[in-house]
Amino acid sequence: MNILVINCGSSSIKAAVINGISGNELLTMKVERIHDKPLVHINGSTIDCIGSGHEAALNFALPLIKDHLNEQTLSGVGHRVVHGGNKFDMPVLINEEVEKVIKEVSVLAPLHNPVNMLGITVARSVFSDLPHIAVFDTSFHQTLPRRALTYAIPKQLRDKYAIRRYGFHGTSHEYVVGLAADYLKADLNALRIITCHLGNGSSVAAVEYGRSVETSMGMTPLEGLVMGTRSGDIDPGALVHLALEEEMTIKDLSQMLNKKSGLTGLSGVGNDMRDIVEKSSKGDDDCRLALQVFTHRLRKYIGAYTAVMGGVDAIVFTGGIGENSAVIRHRSTQRLDYLGAVLNEDKNNDVILSNEAPVQDFAMNHSRVRLLAIKTNEQFAIAQETVRIIEKKNKVNTKPTIPIAVSGRHIHLTQEAVEALFGKGYELTVKAPLSQPKQFACNEQVTIVGPKNKIERVRILGPTRSKNQLEISRTDEFFIGIDAPVRASGKVENSPGIKLIGPKGTYQMKEGVICAWRHIHMTPEDAQLFGVEDKDIVDVEVSNGIRPLTFGNVLVRVSSKYALEMHIDTDEANAAELPRYSEGVLNKTDGSAKLITKKKKH
Ligand code: AMP
């Protein structure tokens, strides 16, 4: 599976042919000086381009790739697209409809999306027989909860202009958390990871159990950390002040914030971290300040994201600076003992990453939090995603239907909790069997008591389990005054607790209140039929409701103990106005923007 990966940026065009399975690179190409006299560097030789500008450069350079490939066949083309707005939460096979949507969201990234689109248009005409896949910088962060993505400005303006936080560098954040989980031999769904992508552009992400829940870049890639030439966070009031006092125009401000700020603005010696580290050691005060501001802000984010996730298991450093600068890693991770991260200075100084050894741990052995330097590879990540979409395209069987069940609030209890609530030695009694084998609704009910309200007669589902788990809807959460995370069943770590009242006593659940991630139970045979695997995330189309709709982000759970059924909560069913006994079909990857499935890598 050799994939042509194209990154058509505003000042350069980069392309590579990469094996989407092994990562072997067969060809590299870079076009520079696009607006002047473009130069094409391809596999070690340099060729003058005829004409100038993106379109001429692409039309000249892409056919050269074809000439260089000889007999090596390409299986597909992966395109980096900077902004997917809120339209794409995963890579997608490009067709006319997808192109239209990418153009629509270009208003959010006027410097990037139009040139990305040009790359797609020219490549689709040069490589017209191949499937083309768009991979978005924003899509990994589409799981950000509302509280994290909303700016506190008037709703009417937010809605009208789609002003919200989107986050970027998603391909890199997702790639390195995958490598981190592999390295730690842990399930990604059991880890809380803070990823620091520190390059010319920099961002941090909080990845909680495989989902991005916070990230430092916002509506544009300007928010957050100090970057090569970008300011990152700044009080918007300072900009108003500059506009008034210095009479700076919007264009001036944009130029200042994007091109003249960050490390460049602070250090006075440019955006190269190597120079800044070097000069700071020789006494240059501006370079010292640049280092301090850069790492101080990063430490602030690490602390904040630990708080957001209620803890952290690994902190990852990647990107040109994160991979190569022991000084920055040291300054950012020293004195983090309070959150369980203890730096090993020798190991940090010795980090050298390579394709063969892309991950190194630089924490002390006794450090509870692992500190990892990881070599990112966005091009390979795009090639991998492209292969995945091509493979899925042929695989998903769309014909069998999936029954949909609405699960109301309910609780699973341990025997200990049952006895505390119903008396010593008490055993749950069966009211009615459930569709999942050996599961039953009990006659017993409990009262749940939140800080704001209580809810009586919450049904217990049997049999008893090893962990307590209360599954409620968002509406319930607000009613009782509790903030519960969206989780797959069984993932109760670090979720809130709640007080329960039964006829014979009370019981304090220490954790276990969750809002269930909508999911499909299926057997391994079903999974084979649908062409999906455990922990895949799929879209399910439902057409027998009031109107046709698609449930995105549905978790697949495969076990021989399950029967085929999709579970949604009451809020979701009410919003969708689903009749009883609804059925859905898995969306197929037939090229339409919304019809996609995604396999989580872990
Ligand atoms: P990227 O955008 O990921 O290619 O990263 C580019 C940044 O990485 C530049 O600021 C480089 O100065 C920085 N970088 C590369 N090598 C080192 C190094 N050994 N020490 C510090 N910074 C480095």
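When segment 332-357 is examined, which residues are found to be closer than 24 Å to Asn271 by Cα, assigned to a helix (DSSP H, G or I) and either in contact with a Phe, Trp or Tyr (Cβ under 8 Å, 6 or more places away or on another chain) or away from the ligand (no atom under 13 Å from the Cβ) (or both)? Hits for segment 332-357 are Ser332, Thr333, Asn348.
Listed by first and then second residue, the pairs with beta-carbon distance under 8 Å, at least 6 apart or on different chains, first residue in segment 49-61 and free of Cβ contacts under 8 Å to residues at least 40 places away in the same chain and among the aromatic types (Phe, Trp, Tyr), second outside any helix (DSSP H, G or I) and surrounded by 15 or more Cβ atoms within 10 Å (Cβ to Cβ), are Phe60/Pro38; Phe60/Val40; Phe60/Cys49.
Considering Ala373, Ala381, Ala326, the condition of being in contact with a Gly (Cβ under 9 Å, 6 or more places away or on another chain), within 13 Å of the ligand (Cβ to nearest atom) and not basic (Lys, Arg) is satisfied by Ala373 alone.
For segment 123-174, residues that are without any contact (Cβ under 8 Å) to a residue 24 or more places away in the chain, assigned to a loop (DSSP other than H, G, I, E, B) and more than 26 Å from Phe478 (Cβ to Cβ) total 2.
Out of Thr376, Thr401, I need the residue that is surrounded by fewer than 21 Cβ atoms within 10 Å (Cβ to Cβ) and in contact with a strand residue (DSSP E or B) (Cβ under 6 Å, 6 or more places away or on another chain). Which one?
Values: Thr376 fails: surrounded by fewer than 21 Cβ atoms within 10 Å (Cβ to Cβ).
Selected residue: Thr401, the only one of Thr376, Thr401 that is surrounded by fewer than 21 Cβ atoms within 10 Å (Cβ to Cβ) and in contact with a strand residue (DSSP E or B) (Cβ under 6 Å, 6 or more places away or on another chain).
With the condition kept exactly as written, say whether any residue in segment 188-197 is more than 21 Å from the chain's Cα centre (by Cα), within 14 Å of the ligand (Cβ to nearest atom) and surrounded by 24 or more Cβ atoms within 10 Å (Cβ to Cβ). The answer is no, given that none of the residues of segment 188-197 is more than 21 Å from the chain's Cα centre (by Cα), within 14 Å of the ligand (Cβ to nearest atom) and surrounded by 24 or more Cβ atoms within 10 Å (Cβ to Cβ).
Checking the structure you have, find out if any residue of segment 148-171 is hydroxyl-bearing (Ser, Thr, Tyr) and within 16 Å of the ligand (Cβ to nearest atom). Break it down into steps so the answer makes sense when it comes.
From segment 148-171, those hydroxyl-bearing (Ser, Thr, Tyr) are 150-151, 161, 166, 171; that's our starting set.
Now restrict to residues that are within 16 Å of the ligand (Cβ to nearest atom): 171.
Yes, segment 148-171 has at least one match.
Could you grab me the full set of residues in segment 494-515 that are in contact (Cβ under 8 Å) with a residue 12 or more places away in the chain and part of a strand (DSSP E or B)? Spell out how you get there, then give the answer.
First, the residues of segment 494-515 that are in contact (Cβ under 8 Å) with a residue 12 or more places away in the chain: 494-507, 509-515.
Passing the criteria: Ile498, Lys499, Leu500, Ile501, Gly502, Gly505, Thr506, Tyr507, Met509, Val513, Ile514, Cys515.
Evaluated against (1) under 30 Å from Arg147 (Cβ atoms); (2) buried (at least 18 other Cβ atoms within 10 Å of the Cβ); (3) among the aliphatic types (A, V, I, L, M); (4) modelled with pLDDT under 80, Leu586 falls short on exactly one condition, (1).
The one condition from (1) within 26 Å of the chain's Cα centre (by Cα); (2) more than 30 Å from Tyr175 (Cβ to Cβ) that Gln379 does not meet is (2). Among helices (runs of 4 or more DSSP H) entirely within segment 200-298, having at least 2 residues that are within 12 Å of the ligand (Cβ to nearest atom) and surrounded by 17 or more Cβ atoms within 10 Å (Cβ to Cβ) singles out 262-267, 273-281. May I ask you to list the residues in segment 306-317 that are in contact with a Leu (Cβ under 7 Å, 6 or more places away or on another chain) and either within 16 Å of the ligand (Cβ to nearest atom) or in a helix (DSSP H, G or I) (or both)? Thr306, Val316, Phe317 - these are the residues of segment 306-317 that are in contact with a Leu (Cβ under 7 Å, 6 or more places away or on another chain) and either within 16 Å of the ligand (Cβ to nearest atom) or in a helix (DSSP H, G or I) (or both). Among the residues of segment 454-469, are any touching a helix residue (DSSP H, G or I) at 6+ places or on another chain (Cβ under 9 Å), exposed (fewer than 15 other Cβ atoms within 10 Å of the Cβ) and of a type in the set (S, T, N, Q)? Within segment 454-469, not a single residue is touching a helix residue (DSSP H, G or I) at 6+ places or on another chain (Cβ under 9 Å), exposed (fewer than 15 other Cβ atoms within 10 Å of the Cβ) and of a type in the set (S, T, N, Q).
The values are calculated or read from the model by the stated rules, or taken from the named source; none is laboratory data. Just so we're clear, the structure is a prediction, and the values are computed from it rather than from any experiment. Backbone-built Cβ (ideal geometry, glycine too); neighbour counts: all protein chains shown.
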